[in-house]
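Visitor: Sharing a structure here in structure tokens format.
The values are calculated or read from the model by the stated rules, or taken from the named source; none is laboratory data. Remember, predicted model here, so these are calculated numbers, not experimental data. Note that each Cβ is placed from the backbone with ideal geometry, even for glycine, and that neighbours are counted across all protein chains shown. Quick note on the areas: whole protein, heavy atoms, side chains included, nothing else; ligands and nucleic acids left out. Shrake-Rupley method; radii C 1.70, N 1.55, O 1.52, S 1.80 Å.
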Amino acid sequence: FDVYFNDFKNHVTFLLNYYNCQNLKNVLIKKNSFSITFDDGYDDIFFLILPFVEKNKLPITVFITYDNINKKGYLTTDQLIKVSKSKYVNIGCHGYSHLSLDDYNSPFFNQEITKSKMLIEKIIKKKIIFFSFPNGVFSNNSIQKVIESNYLMAFNSTSNTFDLSIPIDYFRIPRMCIYSCDNLRTIKLRLLGK
């Protein structure tokens with residue numbers, strides 16, 4: 001379901017005509033805003049996305065799956081360090097091995113949520129405050145572990161926008177996933193809640 005780079009640029013250009021691109025830290029307090037996030041840590045982040053966001057001064061967040069680092073098609077350790085040094089990039093955690101974090105996997109919460117955070121922080125030498133649930137799957141127990149691990153926000157894959165007039169649960173924040181089958185029409189419809 002990867003999005004082609006030219007489609008990504010068109011999607012961002014469209015969104016910028018109507019909304020403000022914000023750092024993920026600010027998206028929940030700024031009206032008419034959106035944030036750009038990427039999961040898993042593919043190497044396209046280094047080769048394509050980083051030059052684009054730096055040229056256009058667009059903040060992004062990259063959620064890294066620790067076990068993907070240095071695998072073919074994913075960021076190397078050196079690339080991750082370089083990406084993390086950009087003033088336009090936040091690094092978040094996307095688990096240790098991309099394991100779904102429902103109640104049945106509770107024995108793995110420590111490695112997937114806490115250990116992965118510590119290992120990525122050791123590489124980039126920065127604190128990680130964002131967590132993205134792998135496969136969008138979460139439970140009350142996994143959310144509790146995220147809180148105990150000192151994350152400030154957690155994101156899932158519930159395709160939804162949020163209303164700033166309603167109190168937000170900072171550990172159940174929805175994201176609108178965009179896939180290769182999406183075009184500007186489907187994105188517009190999703191933004192309208194359809």
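Visitor: Please determine whether any residue of the stretch 104-121 is among the hydroxyl-bearing types (Ser, Thr, Tyr), over 13 Å from Ile64 (Cα atoms), in a helix (DSSP H, G or I) and open to solvent by 50 Å² or more (accessible area, probe 1.4 Å).
Guide: Taking every residue of the stretch 104-121 in turn, at least one turns out to be among the hydroxyl-bearing types (Ser, Thr, Tyr), over 13 Å from Ile64 (Cα atoms), in a helix (DSSP H, G or I) and open to solvent by 50 Å² or more (accessible area, probe 1.4 Å).
Visitor: Restricting to the stretch 73-103, and then to whatever is in a helix (DSSP H, G or I) and over 15 Å from Asp39 (Cβ atoms), can you tell me which residue is most open to solvent (accessible area, probe 1.4 Å)?
Guide: Among them, the one singled out is Lys82.
Visitor: Then there is this: For the stretch 62-72, give me the residue count where each residue is touching a residue at least 24 places away in the same chain (Cβ under 8 Å) and either open to solvent by 30 Å² or more (accessible area, probe 1.4 Å) or more than 23 Å from Asp2 (Cα to Cα) (or both).
Guide: Residues flagged as touching a residue at least 24 places away in the same chain (Cβ under 8 Å) and either open to solvent by 30 Å² or more (accessible area, probe 1.4 Å) or more than 23 Å from Asp2 (Cα to Cα) (or both) within the stretch 62-72 amount to 2.
Visitor: While we're here: For Phe5, state whether it is exposed (fewer than 14 other Cβ atoms within 10 Å of the Cβ), farther than 20 Å from Lys126 by Cα, of a type outside the set (S, T, N, Q) and in contact with a helix residue (DSSP H, G or I) (Cβ under 7 Å, 6 or more places away or on another chain).
Guide: yes
Visitor: Would you point out the residue of the stretch 165-187, among those that are touching a residue at least 12 places away in the same chain (Cβ under 8 Å) and assigned to a helix (DSSP H, G or I), that is most open to solvent (accessible area, probe 1.4 Å)?
Guide: Selected residue: Leu184.
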